[in-house]
Every structure is written in structure tokens, then in C-alpha cells.
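A.B. asks: Have a look at this one.
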Amino acid sequence: MVKLTISASDGRPFEIDAAPGTTLMENAVRNSVPGIEAECGGACACATCHVYVDEEWKGRVGPPNDIEKDMLDFAYDVRENSRLSCQIKLSEAIDGLKVEVPERQS
Ligand code: FES
């Protein structure tokens, strides 16, 4: 399993054991994390699954690809550690990942 800590938009921390191969967004939705709307269901077409990757984890998670970057233009308060959580696939390499949900999605 891959351990995740997601700080929700209301400040509550969610500690989740996730299956490798699933996405961060899928686990946030399954655990009813406030602030992750994921309107397009993971198709990289809505930008309502926006998260900030903890600085410590940014390098290991990596940057968004060009399609994700274009979609991030529609997200609220984008920062250099912004990612769309439906595009982060979980693996043992990012076991312990920490992310934060913005105060709102758009
Ligand atoms: Fe729509 Fe991630 S769920 S872009």
C-alpha cells in the first residue's frame, strides 16, 4: 500500500492507505476528502481535482505534462507545486506523499 496524507480544504488531515496504480484523485474521492470535486472523473478535462504537492515530495512526484499544464490554467490560485490529482498515479516510489487541497477549486 501507499500511504498518503491529504490536507483537505477545511484543514482536516486525511491519512489514507492507497493501492498502487490508483490515482491520488480516486483515493481522495473514495475517502470523501472535502475540496476534491473531480467533475470530469479523471480525464484531465476539468481542473477541479487541483492539489499542492508538499515541497518535500515535489521532485519525486514530478512536473505536470503539457496537457495537464494547459488544464491548470483553469484552476484557482495555481502555484509552482500545483498538480491535478487525477494525473498522479500512486506507486511505492511516492509512499508517504503529502498534498494539500486549495481552499476552493475554481
Ligand atoms: Fe478532472 Fe482531474 S478530475 S482534471
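A.B. asks: With charges only on Cβ, +1 for K and R and -1 for D and E, what is the dipole size of the chain about its Cα centre, in debye, rounded to 20?
C.D. replies: My answer is approximately 160 debye.
A.B. asks: Return the whole-Å distance between the Cα centroid of the stretch 41-77 and the Cα centroid of the stretch 12-37.
C.D. replies: 15
A.B. asks: Let me spell out the model: positive unit charges on the Cβ of Lys and Arg, negative unit charges on the Cβ of Asp and Glu, origin at the Cα centre of the stretch 1-54. What dipole size does that give, in debye rounded to 20?
C.D. replies: Roughly 80 debye, rounded to the nearest 20.
A.B. asks: Pop a pseudo-label 7 angstrom from the Cα along the beta-carbon direction at both Y76 and D10 and give the gap in nm to one decimal.
C.D. replies: Placing both labels 7 Å along Cα→Cβ, they lie 1.5 nm apart.
A.B. asks: Counting other Cβ atoms within 10 Å, keep those with at most 14, restrict to DSSP loop, and tell me which GluC sites (Glu not before Pro) in the stretch 38-81 are left.
C.D. replies: Passing sites in the stretch 38-81 are E39, E80.
A.B. asks: So what is the calculated 222 nm ellipticity per residue for the chain, using -39500 (n - 2.57) for each DSSP H run with n of 4 or more, over all residues, to the nearest 500 deg cm²/dmol?
C.D. replies: It comes out at -5000 deg cm²/dmol, rounded to the nearest 500.
A.B. asks: Go from 0 up to the bin containing the longest alpha carbon distance in the stretch 1-54, width 5 Å each, and give me the % of pairs per bin.
C.D. replies: 4, 21, 31, 27, 15, 2
A.B. asks: Would you mind working out the magnitude of the charge dipole of the stretch 66-106 relative to its Cα centre, with +1 at each Lys and Arg C-beta and -1 at each Asp and Glu C-beta, to the nearest 20 Debye?
C.D. replies: 100
A.B. asks: Calculate one ³J(HN,Hα) per residue across the stretch 29-45 by plugging θ = phi - 60° into the Karplus curve 6.51 cos²θ - 1.76 cosθ + 1.60, and present them in order as whole Hz with x for glycine and proline.
C.D. replies: With coefficients 6.51, -1.76 and 1.60, one gets 5, 4, 9, 6, 6, x, x, 9, 9, 6, 4, 8, x, x, 8, 6, 9 Hz.
A.B. asks: Same structure, new question: Throw me the Rg/Rh for the stretch 1-90, computed over C-alpha atoms with Kirkwood Rh, two decimals.
C.D. replies: My calculation of the ratio gives 0.92.
A.B. asks: For the stretch 60-106, report the convex hull volume of the alpha-carbon atoms normalised per residue, in Å³, without decimals.
C.D. replies: Looking at the stretch 60-106, the number lands at 79 Å³ per residue.
A.B. asks: What length, rounded to one decimal in nm, is gained on full extension from E92 through to C40, with 0.36 nm per residue of separation minus their alpha-carbon distance?
C.D. replies: 16.1 nm
Laboratory data are not the source of any read-out in this text; all were calculated from the coordinates shown. Everything numeric here is computed off the predicted structure, so don't read it as measured data. FYI the Cβ positions are ideal-geometry reconstructions off the backbone, even for glycines, and counts take in every protein chain you see.
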